[in-house]
Amino acid sequence: MNTIFRKSMLSVAGLAFAGGVFAGPIAAHANPVDAKPVAVAVQSAAPKPQGEQSHITLNDEQTANVKAIIAATKKAGLPERAAVISIATSLQESKLENLGHLGDANDHDSLGLFQQRPTSGWGTPEQITDPAYSTTAFLKGLRQVDGWQDMALTDAAQTVQVSAYPDAYAQWEQQATDLVGQYWNS
């Protein structure tokens, strides 16, 4: 057995034993009649949002795009965390607007919710501006990122998107989480 692993396991066992020795006498004197259920905090596998968070008010089109991203995520058989990453990415890239060609204001030939580029192999302009297609393409890229489920959102999004502003996705995590919570089961 690996020495580091063995020492880690012994440390964990020692902490558990010490906790039992300390808590045991306290629990033994507890009055079971007065016992009340205790809320237990469950740590989510998803990391907490990083840094200062941004928020925008969504119009009907943007809300429809949130629902389209969630539907595509479910169809792909991926969990809510994938929808959170997708929505946060779209919030950063397009503010959840399905952008067409913006002329001189365009970033190269970037289009759609995720500002994907036909010249980078994301699909045709028609495909990229279809919310279901563009989300599926993003999710395909996300699936190729080892450990994306446990990564910081901005790292997972950046690995797929390769943005000039890699940390910008983090600011949308709370709103994306709230939107998925609101629409996942509707």
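The values are calculated or read from the model by the stated rules, or taken from the named source; none is laboratory data. Note that the structure is a prediction, hence the values are computed from the model and not measured. Cβ placement follows ideal geometry from the backbone for every residue including glycine, while neighbour counts extend to all protein chains displayed. Side chains are part of the model used for accessible areas, which takes the heavy atoms of the whole protein and leaves out ligands, DNA and RNA. Shrake-Rupley method; radii C 1.70, N 1.55, O 1.52, S 1.80 Å.
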Quiz item: With every protein chain left in place, what is the accessible area per residue of region 54-186 in square angstrom, probe 1.4 Å?
Solution: 48 Å²
Quiz item: Once you sort the root eigenvalues of the Cα gyration tensor of region 50-186 as a ≥ b ≥ c, which label holds: rounded (a/c under 1.5), prolate (a/b larger than b/c) or oblate (the other case)?
Solution: rounded
Quiz prompt | Surrounding net charge for Ala64, when Lys and Arg each add one and Asp and Glu each subtract one, Cβ distance under 14 Å | solution = -2
Self-check item: Per-pair calculated FRET efficiency, R0 = 30 Å: Ile56 and Ala76 via Cβ, rounded to 0.05
Solution: 0.70
Self-check item: Share of carbon and sulfur in the accessible heavy-atom surface of region 78-186 [1.4 Å probe, %]
Solution: 48 percent
